[in-house]
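Engineer: Got a structure for you, questions after.
Throughout, read-outs are computed from the coordinates displayed, never taken from laboratory work. Bear in mind the structure is a predicted one, so any value in this text is a computation, not a measurement.
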Amino acid sequence: MVVVCEDITEQKKAETALMESEQQLRRLNTTKDKFFSIIGHDLKNPLTALMGYSELIVDRYDTLSPEMIKDMILEINSSAEQLHKLTENLLNWSRVQTGQIGFNPTQIDLHNTVQENVNLLEPLLKAKGVAVDLSIPEDMGAFVDPNMLNAVLQNLLTNGIKFSKPDNYIFIKARTLDTLIEVTVTDSGVGVPATLLPTLFQIDVSHSTRGTANESGTGLGLILCKEFIELHHCTIAVDSEEGKGATFRFTLPTSESAYDALPRE
């Protein structure tokens with residue numbers, strides 16, 4: 001009998017590295033495809049609207065009524081807001097993918113930060129006839145990157161406004177769970193279809209549902225929210241029923257020591 005023993009440790013390591021490299025390449029390809037899809041479709045639509053309405057005003061200004069001009073200017077403004085939000089999300093997302101975004105957490109007053117973001121979106125709230133009910137203790141602190149939290153709050157609030165109807169409310173609440181804070185943003189709008197819930201935060205699945213006033217979107221904002229929350233080693237999720245609104249919930253560390261104690265998976 002002849003017994004042959006061979007150490008294949010290095011071979012297994014090489015196979016594992018190859019599999020990880022292949023998975024990373026697939027993720028990069030998915031990211032690239034999503035990026036060009038957004039540029040080719042979602043970026044084109046508001047630009048087309050901007051050019052179309054502005055050219056119409058220039059060419060027919062003398063024959064248009066003040067009411068028609070005002071309507072076109074409102075459409076131009078809406079398209080400009082879409083472009084601004086989309087460009088901002090694209091820049092932030094690309095910086096995350098390339099590791100160029102700085103992560104600088106600090107202790108903040110959560111109530112004041114949320115209120116500031118609500119105030120920033122007040123024009124959108126008024127235009128849609130939607131109100132915000134804020135229920136966060138004034139002395140509640142969180143250890144976060146302020147810029148990332150602002151991006152998360154603005155995306156979730158914009159989503160809530162988009163899918164709400166006039167006279168609806170958006171409820172923002174926060175509660176302490178041991179060393180974490182759970183923040184919820186709840187709207188009473190159209191809700192998310194059950195078929196979309198499992199893939200709502202996935203980059204390789206396109207979500208471009210129109211809002212109640214025909215507002216467009218790319219789904220990139222929610223993906224960005226997930227990226228930013230996970231950089232804090234926390235989680236984000238959604239509960240929804242079609243026709244009954246949606247609740248987005250995410251966690252944040254209460255302090256620097258709480259952040260340091262979180263698992264680095």
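Engineer: Rounded to a whole number, what is D in µm²/s for the stretch 100-170 from Stokes-Einstein with the Kirkwood radius over alpha-carbon pairs (4 °C, 1.567 mPa s)?
Structural biologist: 100
Engineer: Let me test this: with uniform point scatterers at the alpha carbons of the stretch 106-260, what is the Debye-based log₁₀ I(q)/I(0) at q = 0.09, 0.21 1/Å?
Structural biologist: -0.27, -1.44
Engineer: I've got another one for you. So who's got an amide H within less than 5 Å of the one on MET140, skipping anything under 5 residues away but keeping other chains? H placed 1.01 Å off N, in plane.
Structural biologist: For MET140, whose amide H was placed from the backbone, the distant partners under 5 Å are LEU110, HIS111.
Engineer: To continue, here is another question. For the stretch 165-173, just list the computed ³J(HN,Hα) in residue order, Karplus coefficients 6.51, -1.76 and 1.60, θ = phi - 60°, integers in Hz, with x standing in for Gly and Pro.
Structural biologist: 9, x, 6, 7, 10, 10, 9, 10, 10
Engineer: Give me D for the stretch 44-186 in µm² s⁻¹, whole number, from Stokes-Einstein with Rh from the Kirkwood sum over alpha-carbon pairs, 37 °C and 0.692 mPa s.
Structural biologist: The Stokes-Einstein estimate is 186 µm²/s.
Engineer: Sequence neighbours fewer than 8 away in the same chain don't count; with that in mind, list the aspartates and glutamates whose C-alpha is under 13 Å from LYS128.
Structural biologist: Within the straight-line cut-off, LYS128 pairs with ASP167, GLU215.
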